[in-house]
Amino acid sequence: MSYRCAGGLGRRRRRLFQQVAAGPEQEGPVPKPGGGGETPTSSFLLAATLGCRSGERSVPIIIMSDDWWKSLLTSCCGGATSARPGKLRSGTDSWDESSISTTSGGFSAEDLSLTLAGSNLHAFSIEELRAATRSFSASNFLGSGGFGPVYRGFVDGNIRRGLRPQEVAVKSLDLHGLQGHREWLAEVMILGQFRHPHLVKLIGYCCEDDHRMLVYEYMPRGSLENHLFKGLLASLTWERRLKIAVGAAKGLAFLHDAEKPVIYRDIKASNILIDSDYTAKLSDFGLAKDGPQGDESHVSTRVMGTHGYAAPEYVLTGHLTAKSDVYSFGVVLLELLAGRRCVDQNRPNRQVSLVDWAKPYLTRPDKLGRVMDPSLDGDYSTKGAQKAAAIAYQCLDNKPKFRPDMRVVVENPGTRSLIWLIGRPFQICTDYR
């Protein structure tokens, strides 16, 4: 399996990057977490080259805030944009202090298509996606989220020449929803460059008139959230839970160990999708951000993420590092062990926060049984559970410097390694890169 970043920049593509790269860098104080009313700091552009260890040529990934997203959208798409204030959402929802939505038509995708040249993404027309989803029929509806509705579809050579027959998931941006063009473009740009067994594959997109859609490989078992919290828990055996944890960890390790690291920023159960053999893949890269560069210790940014999963130092200061993702992974691993949501208002007061309640038990072998999911009915390795709990405990350390790197979580030759826990029969690839 080749894990790669697509390469090659045409003249038009370079010109587009240069046009938006001329803006000012970020300056000023970091807004307080959850402060939807604060004025953002001055606009900034981070244009970074995300590399791969395969030796293939790397390409720029643009991750921008407010005004520069508008600039890129206007340049790429020719549509007027407007900023909307965000809201602090609870439970499994996300913080999003602002997003961009198109308010006019006359949309041209030529520059965007040229920007993504070499990425192997298909630029679908709306008519092609109508054909693929039976006109977005109710029978093809899979669900909806902050981005918008998602439909099951089928593409083949009759839809577009050269396409192999396959099921797809078509996600349509709700222009009045909780996410906007910034997230849509981030998803296209990042997944257009990366290929890895534990990142969901983006097949193409639609950028026509007011339609903004993303076309993914279809993940038949849905999200980890559905399995843990929405009636499918019985299917998650101990071995499958470990396999899912390993897959998510490998996906994160790949992003963090790119030549220019990427911080995922929104690890949670609903963003981990599962295929037919319980291979886990990270999805929804709308909040992903370049990691610190050079001598920088962190990236200062507005707080965006999900309550209960976001690292405490990030929530308090806006300082983002790869260790912020490690904390969020620790929360997901704890959810896999306990079969419980990280925040559950229906629990007694002291158990509302899973991390606060369970953390003292994670290093107590005699007390760990209180944390473990009762639906497992004891059908798990006690020693394995203790080691998985130790990994979760490390990831959930309140001090980022004491959390392990994701590559250590994945392949540490010592005992605190997910690979060691899962064993050879369940490994999908031993090289996470």
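In this structure, the amide hydrogen of G204, modeled 1.01 Å from its nitrogen in the peptide plane, lies closer than 5 angstrom to those of H122, V215, counting only residues at least 5 positions away or on a different chain. If you look at the Cα atoms of the range 224-426, you get an Rg and a Dmax of 16.0, 49 Å. Projected label points at A123 and D156, each 7 Å from Cα along the beta carbon direction, are separated by 2.7 nanometres. Multiplying the residue separation of R370 and A138 by 0.36 nm and subtracting their alpha-carbon distance yields 79.3 nm. The order of T279, T133, T382, going from fewest to most other C-beta atoms within 10 Å of their C-beta, is T382, T279, T133. Sorting the segments 394-406, 204-216 by their residues' average number of neighbouring beta-carbon atoms within 10 angstrom, most packed first, yields 204-216, 394-406.
Sequentially through the range 369-382, phi angles give Karplus couplings (6.51, -1.76, 1.60; θ = phi - 60°) of x, 5, 8, 4, 4, x, 5, 6, 6, x, 7, 7, 6, 4 Hz, Gly and Pro residues having no value and appearing as x. Listed by Cβ neighbour count within 10 Å, with the fewest neighbours leading, V410, V150, V246 appear as V150, V410, V246.
Phi angles of the range 213-218 translate, via the Karplus equation with coefficients 6.51, -1.76, 1.60 and θ = phi - 60°, into HN-Hα couplings of 9, 10, 10, 10, 4, 7 Hz per residue; Gly and Pro are given as x. The gain in end-to-end length when the R130 to S276 segment is fully stretched comes to 50.0 nm, 0.36 nm per residue minus the alpha carbon separation. In plain terms, if you count all Cα to Cα distances in the range 203-263 and split them into 5 Å steps from zero, the share in each step is 4, 13, 14, 15, 18, 16, 12, 5, 2, 0 percent.
Model label points for D344 and D356, set 7 angstrom from Cα along the Cα-to-Cβ axis, are 1.6 nm apart. A Cβ-based charge dipole, computed about the Cα centre of the range 159-264 with Lys and Arg at +1 and Asp and Glu at -1, lands at about 460 debye. Remark: the range 158-175, residue by residue, has Karplus-estimated 3J(HN,Hα) of 6, 7, 8, 4, x, 6, 6, x, 6, 7, 9, 10, 10, 9, 10, 5, 7, 4 Hz, where x stands for each Gly or Pro and the curve is 6.51 cos²θ - 1.76 cosθ + 1.60 at θ = phi - 60°.
Where a number appears in this text, it was derived from the coordinates with a stated rule and is not lab data. Bear in mind that the values here come from a model prediction, so they are computed numbers and not experimental data. Cβ atoms come from the backbone with ideal geometry, glycine included; neighbour counts cover every protein chain shown.
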